[in-house]
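To keep things clear, I will list the structure first and then write my remarks on it.
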Amino acid sequence: MSVSLETLRRVFGYPSFRGPQAEIIDHMIGGGDALVLMPTGGGKSLCYQIPALLREGVGVVVSPLIALMQDQVDALLQAGVRAAFLNSSQDYATASETERRLRMDELDLIYVAPERLLTERFLGVMDYLLGKNRLALFAIDEAHCVSQWGHDFRPEYIQLSALHQRYPTVPRIALTATADQLTQREIITRLGLDAARVFISSFDRPNIRYTVVERDNPRRQLLDFLAGRRAEAGIVYCLSRKKVDETAAWLNEQGISALPYHAGLDAATRLRHQQRFLREDGIVMVATIAFGMGIDKPDVRFVAHLDLPKSLEAYYQETGRAGRDGEPAEAWMTYGLNDVVIHRMRIDESAAGDEQKRVERSKLDALLAWCETATCRRALLLKYFSEEARACGNCDTCLDPPQLWDGTVAAQKAMSAALRTGQRFGAGHLIDILRGKATEKVQQFGHANLPTFGAGADLDDAGWRSVFRQLLAAGLLHADAQSFGALRLTDAARPVLKGETTLSLRKQVKRVRDRKSATATRRSGAATPMATADAPLFEALRAWRADLAREQGVPAFVILHDKTLRELAARRPASLPDLLDVPGIGQAKAERYGESLLLLLA
């Protein structure tokens, strides 16, 4: 047995490595640099934690979020690993004591925020450790934060190139759960990882089901989605702070425990809400994108979007917070024409340079194409990350395939309406013209006299919204920010408008999903339901764990994951050696909790 596998079993309680973990760990132990792309829940942390334990000295982990540091350190302490963190939440005495422990060789891992890492004080500590040959490695977590094209760009991450310049002999590992090829190249360039080995795992999260619904009545749609999930933890993302506050308040009125989270709340409130979400069962966090990166809660059962995210990378990152434990989870989103207009206007009106705007428009186009696809969502999502896949059978387009129709004539009518009104109006006004609605605005501009007035009476408002949305997604129309979202034709529209090519569109239908049949078609990667006989013991174990978590002031999953509790309920180990055979229970946890667990399981 290799020393790394022995460490995995003894410290973390897992019988074997997954995917490329063993290869990455051996590469790091040997002193090599690495860039690791691995999906959320894929086991990225072990790729630097085990090398830090086996190499001489301390592993320095750069992490962007205070909450993530706290949770990871708590989990490592439970496993018997000497770990600590340094960030702005600590007072001077606590930080000084942590630095003393660093100098005195009393730590295996130190988590530090990038802005703290780059201070002269901390660099001085690392210089001291280097002189004593006590720097094991640098791990740069959430490495996509270095990318200016990315959705989580953090300027201080660019300065991390100083690590390579100042400590060229110390191996570095950069890790992220999401990065397209452009972002990968930028990570390599900005962090000086040109000689690093690149390890790319499959981006597939087979336990997550993807569903996109046309926005109709979003609150009712969200409530319908949450039916039967009231005891489950989840995240609901909204674009604005105001919408976050209003949605959280409304969900509480509906009897659903919901908390708001956004940058407009004071730090104490954000921390309190985050801790409740991590430590209590069945809490729904309603949030902007300020919440989520690095959230380590394994039993998030759903992520819902009430607004369109900025890109497929952002969507993949945000939905990846669901189902980290491998159990079935859902990614659900409402999506409407207005989302497209708002995002395009934000890009056009931003202070970004022309090249960055071009990249952002391209990323938005890819997301819109994904929303409007008639093929497997998972396969298209993976293709975006340069990974080929077959139809999954676990997304809405696989479970309930959309119908297609020849939308060429409808597209011509829509684009003709835009042209004949001078390309100065948004979709709502154009739909009124097409449907023959003589509104005050239509009459004011004399548009009731146009040949296109009433030419689209065969489709209702929802049908025309679908047409315009698909024309925007296909790049035949674009929303002009300078004219308040007026729809203008692109060069790509010309062949369709002239009848030189045809256009297939998704049919607008009210879709009602049969939850039983959908559940029956879950992929083999999804978990098997617990045996009825094991359920009472599982609940007793959860109650035992909850009591311990409250006593220790840590999230319950830091003690033992639900997956481990399920294994305990199914196996019912009767001795300490049997307990050590349960995945997720290492030597330290067996010694700490073994006696009380065996009593509970007897």
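The values are calculated or read from the model by the stated rules, or taken from the named source; none is laboratory data. These figures come from a predicted structure and were not determined experimentally. Glycine also receives a Cβ, built like all others from the backbone with ideal geometry; neighbour counts cover every protein chain displayed.
Out of the residues in the stretch 561-602 that are within 30 Å of the chain's Cα centre (by Cα) and basic (Lys, Arg), state the one that is surrounded by the fewest Cβ atoms within 10 Å (Cβ to Cβ).
Lys563
Considering only the stretch 435-490, how many residues are touching an Asp or Glu at 6+ places or on another chain (Cβ under 8 Å) and free of Cβ contacts under 8 Å to residues at least 24 places away in the same chain?
Within the stretch 435-490, residues that are touching an Asp or Glu at 6+ places or on another chain (Cβ under 8 Å) and free of Cβ contacts under 8 Å to residues at least 24 places away in the same chain number 3.
Just name the residue that is nearest to the chain's Cα centre (by Cα) out of those in the stretch 307-330 that are surrounded by fewer than 22 Cβ atoms within 10 Å (Cβ to Cβ) and not charged (D, E, K, R).
Ala314
Taking Ala374 as meeting all but one of (1) assigned to a helix (DSSP H, G or I); (2) closer than 30 Å to Asp406 by Cβ, write down the number of the exception.
(1)
I'm trying to understand the selection: among the residues of the stretch 504-552, which are at pLDDT below 70, surrounded by 11 or more Cβ atoms within 10 Å (Cβ to Cβ) and in a helix (DSSP H, G or I)?
Ala518, Thr519
Table: residues versus (1) among the acidic types (Asp, Glu); (2) closer than 25 Å to Gly326 by Cβ; (3) assigned to a strand (DSSP E or B); (4) more than 19 Å from the chain's Cα centre (by Cα).
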{"site": "Gly228", "(1), (2), (3), (4)": "no, yes, no, yes"}
{"site": "Lys242", "(1), (2), (3), (4)": "no, no, no, yes"}
{"site": "Asp245", "(1), (2), (3), (4)": "yes, no, no, yes"}
{"site": "Ala248", "(1), (2), (3), (4)": "no, no, no, yes"}
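Can you find, within the stretch 479-502, the residue that is farthest from Asp406 (Cα to Cα) among those that are crowded, with 20+ Cβ neighbours inside 10 Å, at pLDDT 85 or above and touching a strand residue (DSSP E or B) at 6+ places or on another chain (Cβ under 8 Å)?
Taking the candidates together, the pick is Ala486.
Hey, does the stretch 107-130 have a residue that's in contact with an Asp or Glu (Cβ under 6 Å, 6 or more places away or on another chain) and assigned to a loop (DSSP other than H, G, I, E, B)?
No, the stretch 107-130 has no match at all.
Could you check, for the stretch 324-343, whether at least one of its residues is hydroxyl-bearing (Ser, Thr, Tyr), in contact (Cβ under 8 Å) with a residue 60 or more places away in the chain and under 30 Å from Asp461 (Cα atoms)?
Among the residues of the stretch 324-343, at least one is hydroxyl-bearing (Ser, Thr, Tyr), in contact (Cβ under 8 Å) with a residue 60 or more places away in the chain and under 30 Å from Asp461 (Cα atoms), which makes the answer yes.
Filtering the stretch 294-310 down to residues that are at pLDDT below 90 and of a type outside the set (A, V, I, L, M), which residue is nearest to Thr211 (Cα to Cα)?
Lys310
Just a yes or no: is a residue in the stretch 387-395 modelled with pLDDT of 95 or more, under 19 Å from Gly485 (Cα atoms), surrounded by 15 or more Cβ atoms within 10 Å (Cβ to Cβ) and not acidic (Asp, Glu)?
no
Can you name the condition, by its number, that Leu68 falls short on among (1) of a type outside the set (D, E, K, R); (2) out of contact with any helix residue (DSSP H, G or I) (no Cβ under 9 Å at 6 or more places or on another chain); (3) under 23 Å from Leu271 (Cα atoms); (4) not in a helix (DSSP H, G or I)?
Leu68 satisfies every listed condition except (4).
Is there a residue being β-branched (Val, Ile, Thr), on the phi < 0 side of the Ramachandran plot and surrounded by fewer than 21 Cβ atoms within 10 Å (Cβ to Cβ) anywhere in the stretch 257-276?
yes
Out of all the residues in the stretch 114-142, which are under 18 Å from Ile66 (Cβ atoms) and in contact with a strand residue (DSSP E or B) (Cβ under 9 Å, 6 or more places away or on another chain)? Working first, answer last.
Here is the first cut: in the stretch 114-142, the ones under 18 Å from Ile66 (Cβ atoms) are 114-119, 122, 139-142.
Pro114, Arg116, Leu117, Phe122, Ala139, Ile140, Asp141, Glu142, listed by residue number.
Can we say Phe138 is surrounded by 23 or more Cβ atoms within 10 Å (Cβ to Cβ), touching a helix residue (DSSP H, G or I) at 6+ places or on another chain (Cβ under 9 Å) and either free of Cβ contacts under 8 Å to residues at least 40 places away in the same chain or not in a helix (DSSP H, G or I) (or both)? Outline the logic, then answer.
Working: surrounded by 23 or more Cβ atoms within 10 Å (Cβ to Cβ): yes; touching a helix residue (DSSP H, G or I) at 6+ places or on another chain (Cβ under 9 Å): yes; either free of Cβ contacts under 8 Å to residues at least 40 places away in the same chain or not in a helix (DSSP H, G or I) (or both): yes.
When the stated conditions are applied, Phe138 passes them.
Checking Arg358 against (1) assigned by TED's automatic domain parsing to the domain that holds Glu330; (2) out of contact with any helix residue (DSSP H, G or I) (no Cβ under 8 Å at 6 or more places or on another chain); (3) part of a helix (DSSP H, G or I), which test does it fail?
Failed condition: (1).
For the stretch 26-53, which positions are crowded, with 21+ Cβ neighbours inside 10 Å and over 23 Å from Val558 (Cα atoms)?
His27, Met28, Asp33, Ala34, Leu35, Val36, Leu37
Going through the stretch 393-442 one residue at a time, which ones are β-branched (Val, Ile, Thr) and touching a helix residue (DSSP H, G or I) at 6+ places or on another chain (Cβ under 7 Å)?
Hits for the stretch 393-442 are Thr397, Thr408, Thr421, Ile431, Ile433, Thr439, Val442.
Within the stretch 362-370, identify whether any single residue is touching a Pro at 6+ places or on another chain (Cβ under 9 Å) and either in a helix (DSSP H, G or I) or farther than 22 Å from Phe468 by Cβ (or both), and answer yes or no.
We begin by selecting, within the stretch 362-370, every residue touching a Pro at 6+ places or on another chain (Cβ under 9 Å); these are 367.
Narrowing further to those that are either in a helix (DSSP H, G or I) or farther than 22 Å from Phe468 by Cβ (or both): 367.
Looking for residues that are touching a Pro at 6+ places or on another chain (Cβ under 9 Å) and either in a helix (DSSP H, G or I) or farther than 22 Å from Phe468 by Cβ (or both), one finds at least one in the stretch 362-370, hence yes.
Answer yes if at least one residue in the stretch 188-198 is on the phi > 0 side of the Ramachandran plot, crowded, with 22+ Cβ neighbours inside 10 Å and not in a helix (DSSP H, G or I), and no otherwise.
no
Among the listed residues Ser89, Ser96, which satisfies the condition of being polar (S, T, N, Q), surrounded by fewer than 19 Cβ atoms within 10 Å (Cβ to Cβ) and in a loop (DSSP other than H, G, I, E, B)?
Unique residue meeting the criteria: Ser89.
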